[in-house]
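Below is one structure, written out as structure tokens; comments come after it.
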Amino acid sequence: MNRNEILSALKNKPEVSVLIVGGGINGIGTFRDLALNGVDVLLVEKGDFCSGASAASSHMAHGGIRYLENGEFRLVREAVRERNRLLQNAPHMVKPLPTAIPIFKWFSGLLNAPLKFFGMLDKPSERGSIIIKLGLMLYDAYTGRQGTVPKHQFFSRKKSLKKWGQLNPQIVNTAVYYEGAILQPERLALELLLDAEAENPNAHAFNYVSMIGGSDDTVILRDELTDETYDVHPRLVINAAGPWIDFTNRKLGLSTHFIGGTKGSHIVVRHPELRKAIGENEFFFENEDGRIVLILPLYDHVLIGTSDIPIEHPEEALCTDEEIDYFLKLTRRIFPSLSLSSEDIVFRFSGVRPLPRSTNKQVSHISRDHSIEVLSGDWTNLRFPIYSLVGGKWTSFRVFSEQVTDKALAFLGLARQKDTRSLPIGGGRGYPRDPGEVSRQIESLSAWTGVARERLKLLFERYGTRAETIATYMNGGTDFIVKGLPDFSLREIVFLVQHEKICHLDDLLLRRSMLAMLGRVTREMTEELGRVIGNTLGWNEEQKAAEVRRTLAILADRHGVRL
Ligand SMILES: Cc1cc2nc3c(=O)[nH]c(=O)nc-3n(C[C@H](O)[C@H](O)[C@H](O)COP(=O)(O)OP(=O)(O)OC[C@H]3O[C@@H](n4cnc5c(N)ncnc54)[C@H](O)[C@@H]3O)c2cc1C
């Protein structure tokens, strides 16, 4: 059944065990776990999947070494474990990321850390070598004996400058430890969702469907593509609306103040010298004022972020010129000889962390932990309970989803049948650990499907072992390279449109591919892809033109890309 048919079926059977509102990583993670456990579950997302906070991340699977200082040992241990699981379960998309900390002082922060731990310090500080060493020893201990990533190392000033010739010579040394890079978070979330639907015929996820209201035993949904509304009768509602959680509860007549969001922005720069200077390393640097800058490789570009600024309304989160100045200034402090300017920026993005509301004066001290807030009983005037999923990190979505699912299963009176700890994700299934084996698979797939080896290599990089299905599809009809896009073919795009829930042109440019984020989009390409998607989805000429206009406006208004 297609999207409209499944939605229409809701008119005849509006009962559903669980309704999840929000298709960010936490909603999708919970959707997968419930689906695996045989629950009939419906997920609705008002925009595209993974277009809120989950699209604004620093692309890191990380334990959060900084949170050790806040005394959040359990959180860090849990996140390190989840980081390791992501490296194991999604090896096609999550890669080990050596992370270098340039250190400018020896002893700084020694007194601050214990004061902060006992809640007696609300002023940030720059950390020196000794405090960083202590933190990294603990971090290594949490990684355990699994050996998913190597242990940390310290490099003297001399060795550091030899390793990274452009680094600021004022450093006293560098520390290198390992995290994970999530290359394409939006695709990873989508693969989780597709896995869930493949597993359970009673699990359905819709993008561009909003939850707009509800009362008694009914929730009202609106299809944003057709304006059609649907009543559903859930036994349980999971509010996974991230920074919009309180707004979403309000639509059900509930006044909550769970979220105190903070805005974070990033820029993507095309700067070959900087890209060469960092190599395959992330640089992580904390300034005297407690603000951090991350500089990390993103394919042949460099991703720089991020800020942490309290904000009330998530829709207002935009990357400002002031934030850009700050990113450029801090990057220059680390690599002073490289001339980086705003001219090098090809893309910018911003989003809101759905942090728990807090009275903490220092935003970096607000916990990054997650919690489930339950609303039920008479005062809600609703016949179903609501679980609001507050906080969390991309990295620890699996364990958060597991906790929500356990609670939901208990409520529904069901027992857990499957768990997700070692479950591969999408194209990570059967993904060879050994690069030689990848080449062998490409070789045999090329012989079998007739798709050229170079194309298959790209498909493997993009889709992991799903490359096989896509190559088979490409081979099933006349295929050719898309005009202006030498590394994409027509049937590859058509496959994505047909199998990956693309509804708008920007879904493809911003979230199913890296085209926009890597600054590759041109007006001609937008028009060409508008034609390809439109022909696949049956848009008329007017709709195609409207989609091009919509995409150009989103790129200009939200991402500073003017075409
Ligand atoms: C700048 C920044 C950097 C970060 N970096 C990292 C990092 O490197 N590593 C890491 O682990 N974590 C990182 N995080 C944290 C992580 O990205 C978030 O914690 C996580 O993505 C939150 O996911 P979510 O599903 O709860 O929220 P979201 O992704 O925001 O999903 C909520 C969804 O609900 C939808 N919605 C809202 N209202 C409705 C409605 N009425 N009907 C239907 N749908 C609705 C929204 O459209 C949205 O898509 C970062 C966050 C930010 C903002």
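When the expected Rg is taken as 2.2 N^0.38 Å, what fraction or multiple of it is the alpha-carbon Rg of segment 289-407? List each step's numbers first, then the result.
On the way: Rg = 19.0 Å, N = 119, 2.2 N^0.38 = 13.5 Å.
This ratio for segment 289-407 stands at 1.40.
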Residue exposure sequence - L490, L188 - by fewest surrounding Cβ within 10 Å: L490, L188
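Can you give the relative contact order of the chain as a percent, counting alpha carbon pairs under 8 Å and 6+ residues apart? Each step should come with its number before you reach the end.
Working: 1099 pairs, mean separation 101.1, N = 563.
Answer for the chain is 18 percent.
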Residue exposure sequence - M60, M137 - by fewest surrounding Cβ within 10 Å: M137, M60
Share of alpha-carbon pairs per 5 Å distance bin for segment 421-548, given as whole %: 2, 10, 19, 21, 19, 14, 9, 4, 2, 0
All lysines inside 28 Å of K162 as judged from Cα atoms, apart from same-chain residues fewer than 8 positions distant: K95, K105, K133, K151, K276, K329
Phi-based couplings in Hz for segment 206-214 (Karplus 6.51, -1.76, 1.60; Gly and Pro marked x): 10, 8, 6, 10, 9, 8, 10, x, x
Alpha-carbon radius of gyration plus Dmax, which is the widest Cα pair, for the chain in Å: 23.6, 72
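So if R0 is 41 Å, what FRET efficiency would T359 and R433 give, r being the distance between their Cβ atoms, rounded to the nearest 0.05? Can you show the working numbers first?
Working: r = 47 Å, r/R0 = 1.15.
Computed FRET efficiency for T359 and R433 comes out at 0.30.
Can you give me the Kirkwood hydrodynamic radius for segment 180-314, using every pair of distinct Cα atoms, in Å to one decimal? If you can, show how the numbers build up before the last one.
Values: mean 1/r = 0.0533 Å⁻¹.
When all Cα pairs of segment 180-314 are included, the Kirkwood radius is 18.8 Å.
The numbers here are math on the coordinates, done by the rules we state, and not lab data. Please read these numbers as outputs of a predicted model, since none were measured by experiment. For neighbour counting, all protein chains shown are included, and Cβ atoms are generated from backbone atoms with ideal geometry for every residue, glycine included.
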